[in-house]
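Throughout, read-outs are computed from the coordinates displayed, never taken from laboratory work. Because the structure is predicted, anything quoted here is derived from the model rather than measured. Here Cβ is always computed from backbone atoms with ideal geometry, including for glycine, and neighbour counts include all displayed protein chains.
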Amino acid sequence: MINLLLVQKDINNRDMGKFLDDAATMNPDIICFPELATSGCLYKGGTGVDIDELIKSLSGFSFSIFVGFPREHGEQLYNSYMYFKDGDYKVYDKINLFPPMNEPDVYTPGEVPGLVETEFGLLGVAICYDLRFPELFQRLAGSGARVIFVPAAFPRVRIDDWKELIVQRAAESGVHVVGINAVGNDGVNEFGGCTMVADPLGKVLVQADEISELVVAVEI
């Protein structure tokens, strides 16, 4: 079993410190933040987060951490999700970029599916718009991922799609799918929360509301 804390964070709240400090009193196995949790959406471009500073801010905790951030590599910017534990990390770069939110003009697409070898087994990662590509989930599950994590900044106007897709991908791939979405309004989009977990049969184990910044605790 894996004890998870899923942070449904306001898109405008860049401070992860309180969530991490609170998690330290709850002793989870993994805490998971949404897509671009350190920066919010970058509709017109911008600079990446210094990965050394990010790692420094995540160090000193006994649990594993999943966090989304804009990553600079060379002259490219990637929409990335990092798994961090005890100084070691692995990064997935979002493969399928979302044109309506201007992502192809801001980010370089990743090329390698998100697979992370951990003490809990092999974990898969897909980011937001990746949800609409079932072949990616089948590939992750086929490679041995026991859980697929989906951090997102999914707009509220399409939140019913989010809920349906999480369930569909879990049932199709035969693994737990963990969706971690943002809430709040950044002046361009309102985000729809509904952070949720579906089991390998597509049964929803837990689901948050559409508007509240909160932390969901769940065991899978």
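Checking (1) 24; (2) 19; (3) 13 against the coordinates, the calculated percent of Cα pairs over 30 Å apart falls under label (3).
Net charge in the neighbourhood of Val125 (other residues with Cβ under 15 Å of its Cβ; Lys, Arg +1, Asp, Glu -1) is +2. Note on segment 137-176 and segment 32-94: Cα centroid distance 21 Å, given to the nearest whole angstrom. When shorter helices are ignored and each DSSP H run of at least 4 residues is given -39500 (n - 2.57), the per-residue value for the chain at 222 nm works out to -5500 deg cm²/dmol. List the lysines whose Cα sits under 27 Å from the Cα of Lys203, skipping any in the same chain fewer than 8 residues away. Candidates past the 8-residue exclusion: Lys9, Lys94, Lys163. Modelled spin labels at Glu75 and Ile55, positioned 7 Å past Cα toward Cβ, are 2.6 nm from each other. With both residues required to sit in segment 3-219, DSSP beta bridges show an antiparallel share near 70%.
A cut-off under 10 angstrom between Cβ atoms defines the neighbours of Leu205, and their net charge, with Lys, Arg +1 and Asp, Glu -1, is -1. Straight Cα distances below 20 angstrom link Lys56 to the lysines Lys18, Lys85, Lys90, with same-chain residues fewer than 8 positions distant left out.
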